[in-house]
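Asks: Sharing a structure below in structure tokens format, with a few things to ask.
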Amino acid sequence: NAGVTQTPKFRILKIGQSMTLQCTQDMNHNYMYWYRQDPGMGLKLIYYSVGAGITDKGEVPNGYNVSRSTTEDFPLRLELAAPSQTSVYFCASSYPPSGSSWETQYFGPGTRLLVL
Amino acid sequence: KQEVTQIPAALSVPEGENLVLNCSFTDSAIYNLQWFRQDPGKGLTSLLLIQSSQREQTSGRLNASLDKSSGRSTLYIAASQPGDSATYLCAVLGTSYDKVIFGPGTSLSVIP
């Protein structure tokens with residue numbers, strides 16, 4: 001299994017440009033997440049999905065959009081890039097919670113985005 | 001609002017030392033707490049996950065404890081090795097997925 005894969009690894013955008021960060025997992029996980037990590041800070045949840053066709057906002061969703069047409073893929077869309085979106089973006093996936101137990105999340109290697 | 005802090009922000013120790021990393025959270029209504037390792041330029045790797053009903057989890061040289069009432073968790077690393085050098089993050093999972101809160105991490109350097 002490749003686990004969670006993300007493309008691209010690194011990207012430079014100009015202000016106002018748009019792009020899609022790709023995330024794919026091959027573990028048949030229903031739950032998928034997008035986080036951003038700023039220097040010296042913890043990860044912040046942008047969007048998450050509990051299954052194909054179902055998405056919901058996390059802590060910092062403004063400026064982003066997501067879709068979940070298949071179990072495997074969970075792309076993150078930036079429509080009008082801003083310098084504040086310069087960050088490292090991580091995608092993660094997990095099994096659904098079992099009773100009151102939440103399962104561990106598996107992370108991709110990250111996409112480093114620079115908006116100038 | 002749940003807040004997660006980690007102390008210290010950075011730690012440098014000689015090889016072979018036992019060490020403790022600390023994680024504190026403000027809201028005790030959590031489902032579980034997880035410790036991750038992050039290597040430079042890489043994603044996060046789960047080390048230990050403690051369910052809210054548990055007090056501790058162990059994996060090899062790692063032991064994590066959870067005290068919900070005091071809002072604290074510790075990660076104990078025994079006999080540290082240079083390969084342990086990384087950033088360690090704790091994450092608290094609350095009552096819904098919009099309450100996944102990560103701490104800022106502790107950067108650990110183990111000197112040979």
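The values are calculated or read from the model by the stated rules, or taken from the named source; none is laboratory data. What you are looking at is a predicted structure, and each value in this text was computed from that prediction instead of being measured. Heads up, the Cβs are rebuilt from the backbone with ideal geometry, glycines too, and the neighbour counts pull from every protein chain shown. Accessible surface areas use protein heavy atoms only, side chains included; no ligands, DNA or RNA. Shrake-Rupley method; radii C 1.70, N 1.55, O 1.52, S 1.80 Å.
Asks: What distance in nm separates the simple spin-label points at residue A:84 and residue B:55, each placed 7 Å from Cα in the Cβ direction?
Replies: The modelled label-to-label distance comes out at 4.6 nm.
Asks: Give me the 1.4 Å probe accessible area per residue for chain B, excluding ligands and nucleic acids, in Å². Please list the in-between numbers first.
Replies: Values: 5080 Å² over 112 residues.
It amounts to 45 Å² per residue over chain B.
Asks: In whole percent, how big is the carbon plus sulfur part of the accessible area of the stretch A:26-116, probe 1.4 Å, protein atoms only? Mind showing how you got there, number by number?
Replies: Numbers: 2040 of 3920 Å².
Accessible surface attributable to carbon and sulfur in the stretch A:26-116 totals 52 percent.
Asks: To the nearest µm²/s, what D does Stokes-Einstein give for the stretch B:52-106 at 37 °C and 0.692 mPa s, using the Kirkwood radius over alpha carbon pairs as Rh?
Replies: Values: Rh = 12.8 Å.
The diffusion coefficient I find is 256 µm²/s.
Asks: At a Cα cut-off below 20 Å, give the lysines reachable from residue B:42, other chains included and same-chain residues fewer than 8 away excluded.
Replies: Here the lysines satisfying the reach criterion relative to residue B:42 are A:9, A:44.
Asks: Give the average over all directions of the projected area of the C-alpha convex hull of chain A, one decimal, in nm². Working shown, then result.
Replies: Details: hull surface 28.2 nm².
One quarter of the hull surface, i.e. the mean projection, equals 7.1 nm².
Asks: Taking a spot 7 Å from the Cα of residue A:65 along the direction of its beta carbon, which residues of the stretch A:37-52 have an amide N less than 20 Å from it?
Replies: Under 20 Å, as judged by backbone N against the label point of residue A:65, lie A:46-52 of the stretch A:37-52.
Asks: Counting only Cα, what are the radius of gyration and maximum Cα-Cα distance Dmax of chain B, in Å?
Replies: Answer for chain B, Rg first and Dmax second: 13.4, 42 Å.
Asks: Going through the stretch B:11-111, which GluC sites (Glu not before Pro) have at most 15 other Cβ atoms within 10 Å and a DSSP loop state? Before the final figure, lay out each step's value.
Replies: Numbers: sites: B:15, B:17, B:56; in loops: B:15, B:17.
For GluC sites (Glu not before Pro) across the stretch B:11-111 that sit outside H, G, I, E and B with at most 15 neighbouring Cβ atoms in 10 Å, the list reads B:15, B:17.
Asks: Over every pair of different alpha-carbon atoms in the protein assembly as shown, take the mean of 1/r and invert it; report that Kirkwood radius in Å. Walk me through the numbers before you get to the answer.
Replies: Details: mean 1/r = 0.0554 Å⁻¹.
About 18.0 Å for the protein assembly as shown.
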